[in-house]
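Everything below concerns the one structure shown next.
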Amino acid sequence: METFLTIISGVLFTVGTYLILNKNLLRIILGISMFSHATHLLLMAVNGVKRGAAPLLGEKAASFTDPLPQALILTSIVISFALTAFLLVLGYRTYVELKRDFLRKWKDQPDE
Amino acid sequence: MNNVLILPIVIPLLAGMFMILLRRHVRIQQGLSVVSLLCTIVAAASIVHRISDQGILVLDVGGWPAPFGISLVGDMLSALLVLAAAFACLTCLLYAFGATEKTHRLHFVFAFIQFLLCGVNGSFLTGDMFNLFVFFEVMLISSYVLLSLGGRKTQLRESIQYVMINVIASTLFVVAIAYLYSIAGTLNMAHLSERIAAIGQDGLLTTVSFLFLTVFGLKSGLFLFFWLPNSYSAPPPAVAALFAALLTKVGIYAIIRTFTLIFYHEPRITHTVILAMAALTMLLGALGAVSNWGIKKILAYNVIVAVGFILFGVGMATFESFTGALFYLLHDMLAKALIYILGGAIISIFGSDRLRKFSGLLLYRPSLGWLFFVAALALAGVPPLSGFVGKVIILRGGIAEGRIVLSAIGIITSLMVLYSVMKVFIHSFWGETLMSEGDQKATGNVALLPGFLLVGLILAMGLGAEWVLGYVKQAAEVMSHPSLYIEAVLKQAG
């Protein structure tokens, strides 16, 4: 399971990198959200997915899953969700102001 | 017991939240910001005092003992940085009262300054790696808003780039944390340090440490500073001053913390790379500062040079170089706020950023001129100002360590910094007066109060260096002996 998740995470990182290197703003933002998904999967994969039992079974439990990675992922998801929303708004506003969503042409804009 | 540690985080947070409710009442917001900053300064000063009396303070948030819960750790390094950050923030705020536009004030600029400070203080005080990430995000999200607020075209363009760079860096931060947790099984910094000392820092951990170095290098502008000059030129001067004083410093703090507390076992690899990056940062930053002809860009490159210089001290990893680096870091927070505020005032008077259009301001604005002159000397490190002490200690440490080339780079870049700010001074204050008083876009008087305040602080830090050094040495003691930090955090648990 971990191997599978690691591979998926690697694929997501690849896709994210490809999208970020694009010049279309929307694709870059999508790439960034791919990145965050890949990170969350990685966080899950490297810290072990299944160890036989639920996290909190008392002190004498023979096996239990480490709950901390999931707590980290939850926090990280909230943050990346907020950031993606902010980036989308910023991207939209920039598109409205500059009338273009291709980064390449931004350099033509004179500084005020 | 040690609840005072949480005050520098909670005070700005609460103040910021109240300000959101008081949107239309700008006056009340301003009063509240000043009150909040003064309270933060008092809290920080009392933390510094208590640490010098009782040693490192630890607060286990929520009552969970150290390796299990998140703990706030106030050692002298954090406490001094919190204090300096509060002073820098207060002066930037005083400047912002006069210098920001009305639309800005109505759109929560003061509230976000408070949130920014909350994130900065939290990053300084936390003792947990993931919590550091969270406070980084608090700080960065506020900085995104402050940067894009106003929505001019340049601002939007730069903030998109700034946000992207930082989001990608944050992603890498989480990746690094994931690896670290899977190797060491803990995220508490003291516990991490203990475990890594026990299992030894092998190649895998060193690789992870480089991932951290990349992340913090991106945030602090250590070598990976390509984004910095543009982003720091875009926002209004008051916000830019705040960024220059606080943001990169948090990255530097993170590098100091991780490489003195956690990954200090392989200095031949990690610290050599840090030193090389510091040297390149100093050189490239100084070249940028000398070659540019816009005030904003010159100042932004000066920020970069200082980052390189501080990391030069950190990379040598001796007691003396830590002392110098921390002293210079404290000085730099104040000095960068000062020079940005004065630069902002000059820009607002001429209504332009281009040096070649400036001339002869000394006739109308003598006090601004002299303030700028003092600030320039402080940046270059001329005694009796505080930059001198830090530079002397770092360079003495460098020569004692046999790092002659790096020390030479440090001295040469200091001169280049002096040249670049003197260029600004000469072009804006000397020469024929081309502009009549009526043509000036602003008086620049708003910069005087924060300017004098900061010059006073820098002078006090320079003249009272012996007194400040007492505290700084206590911090450097912990930086060079990580066991002190570990004991303070973990003993409390047991």
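Brief remarks on what is shown
- If you check A:Ala62, A:Ala45, A:Ala38, A:Ala53 for being over 11 Å from the mean Cα position of the chain (by Cα), in contact (Cβ under 8 Å) with a residue 24 or more places away in the chain and either over 21 Å from B:Phe136 (Cα atoms) or surrounded by 13 or more Cβ atoms within 10 Å (Cβ to Cβ) (or both), only one passes: A:Ala45.
Residue by residue, here is whether (1) without any contact (Cβ under 8 Å) to a residue 40 or more places away in the chain; (2) closer than 26 Å to B:Gly344 by Cβ; (3) in a helix (DSSP H, G or I) holds:
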position: B:Arg27; (1), (2), (3): yes, yes, yes
position: B:Leu37; (1), (2), (3): no, yes, yes
position: B:Ile47; (1), (2), (3): no, no, yes
position: B:Pro65; (1), (2), (3): no, no, no
position: B:Leu81; (1), (2), (3): no, yes, yes
position: B:Leu93; (1), (2), (3): no, yes, yes
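- The conditions of being in contact with a His (Cβ under 6 Å, 6 or more places away or on another chain) and farther than 17 Å from B:Ala244 by Cα are met by B:Gln201.
- Within segment B:285-307, the set of residues being of a type outside the set (A, V, I, L, M, F, W, C) and within 12 Å of B:Ser233 (Cα to Cα) comprises B:Gly294, B:Lys296, B:Lys297, B:Tyr301.
- Filtering segment B:441-459 to residues that are surrounded by 15 or more Cβ atoms within 10 Å (Cβ to Cβ), over 18 Å from the mean Cα position of the chain (by Cα) and under 30 Å from B:Phe319 (Cα atoms) leaves only B:Leu459.
- For the residues A:Ile77, A:Ile73, the requirement of being within 12 Å of chain B (Cβ to nearest Cβ), loosely packed, with under 15 Cβ neighbours inside 10 Å and modelled with pLDDT of 75 or more singles out A:Ile77.
- Residue in segment B:340-363 that is over 28 Å from B:Glu158 (Cα atoms) and crowded, with 24+ Cβ neighbours inside 10 Å present: yes
- Filter result (closer than 19 Å to B:Met76 by Cα and in a helix (DSSP H, G or I)) within segment B:113-159: B:Leu117, B:Cys118, B:Gly119, B:Val120, B:Asn121, B:Gly122, B:Ser123, B:Phe124, B:Leu125, B:Met129, B:Leu132
- Considered as a group, the residues in segment A:13-50 that are at pLDDT 90 or above and out of contact with any helix residue (DSSP H, G or I) (no Cβ under 6 Å at 6 or more places or on another chain) include one that is nearest to B:Ile160 (Cα to Cα), and that residue is A:Leu21.
- Residues that are touching a helix residue (DSSP H, G or I) at 6+ places or on another chain (Cβ under 6 Å) and more than 30 Å from B:Gly456 (Cα to Cα) within segment B:380-409 comprise B:Ile399, B:Glu401, B:Leu406, listed in sequence order.
- Every listed requirement among (1) assigned to a helix (DSSP H, G or I); (2) at pLDDT below 90; (3) within 23 Å of B:Thr281 (Cα to Cα) is met by B:Leu172 save one, (2).
- Test for B:Val478: is it more than 30 Å from B:Pro237 (Cβ to Cβ), hydrophobic (A, V, I, L, M, F, W, C) and exposed (fewer than 15 other Cβ atoms within 10 Å of the Cβ): no
Residues are listed down the side, and each one gets a yes or a no for (1) more than 22 Å from B:Val303 (Cα to Cα); (2) at pLDDT 85 or above; (3) more than 20 Å from the chain's Cα centre (by Cα):
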{"site": "B:Leu338", "(1), (2), (3)": "no, yes, no"}
{"site": "B:Ile347", "(1), (2), (3)": "no, yes, yes"}
{"site": "B:Gly351", "(1), (2), (3)": "yes, no, yes"}
{"site": "B:Arg354", "(1), (2), (3)": "no, no, yes"}
{"site": "B:Ser359", "(1), (2), (3)": "yes, no, yes"}
{"site": "B:Tyr364", "(1), (2), (3)": "yes, no, yes"}
{"site": "B:Leu371", "(1), (2), (3)": "no, yes, yes"}
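- Checked against the criterion of being touching a residue at least 12 places away in the same chain (Cβ under 8 Å) and touching a strand residue (DSSP E or B) at 6+ places or on another chain (Cβ under 6 Å), segment B:319-341 contains not a single residue that satisfies it.
- Check on B:Leu187, surrounded by 17 or more Cβ atoms within 10 Å (Cβ to Cβ) and within 14 Å of chain A (Cβ to nearest Cβ): yes
- Whichever residue in segment A:1-27 is touching a residue at least 12 places away in the same chain (Cβ under 8 Å) and more than 28 Å from B:Leu187 (Cβ to Cβ) and, among such residues, is nearest to the other protein chains (Cβ to nearest Cβ): A:Leu25
- Criterion violated by B:Leu434 - all others in (1) hydrophobic (A, V, I, L, M, F, W, C); (2) farther than 22 Å from B:Thr281 by Cα; (3) in a helix (DSSP H, G or I) satisfied: (3)
Let's see how each residue does on (1) over 19 Å from B:Ile20 (Cβ atoms); (2) among the β-branched types (Val, Ile, Thr); (3) at pLDDT below 95:
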residue: B:Phe115; (1), (2), (3): no, no, no
residue: B:Cys118; (1), (2), (3): no, no, no
residue: B:Ser123; (1), (2), (3): yes, no, no
residue: B:Thr126; (1), (2), (3): yes, yes, yes
residue: B:Phe130; (1), (2), (3): yes, no, yes
residue: B:Val145; (1), (2), (3): no, yes, yes
residue: B:Ser148; (1), (2), (3): no, no, yes
residue: B:Arg152; (1), (2), (3): yes, no, yes
residue: B:Arg157; (1), (2), (3): yes, no, yes
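- Selection status of B:Asp53, of a type in the set (Asp, Glu) and touching a strand residue (DSSP E or B) at 6+ places or on another chain (Cβ under 8 Å): no
- Selection status of A:Leu83, at pLDDT 90 or above, farther than 27 Å from A:Met1 by Cα, within 10 Å of another protein chain (Cβ to nearest Cβ) and part of a helix (DSSP H, G or I): yes
- Number of the exception - B:Val120 against (1) of a type in the set (A, V, I, L, M, F, W, C); (2) facing another protein chain (nearest Cβ under 9 Å); (3) within 18 Å of the chain's Cα centre (by Cα): (2)
- Yes/no for B:Leu379 being buried (at least 24 other Cβ atoms within 10 Å of the Cβ) and assigned to a helix (DSSP H, G or I): yes
- Considered as a group, the residues in segment B:143-176 that are of a type in the set (Gly, Ala, Ser) and either facing chain A (nearest Cβ under 7 Å) or surrounded by fewer than 22 Cβ atoms within 10 Å (Cβ to Cβ) (or both) include one that is nearest to A:Ile79 (Cα to Cα), and that residue is B:Ala169.
The values are calculated or read from the model by the stated rules, or taken from the named source; none is laboratory data. Quantities reported herein were computed from a predicted structural model and do not represent experimental measurements. Reconstructed Cβ throughout: ideal geometry from the backbone, glycine too, with neighbour counts over all protein chains shown.
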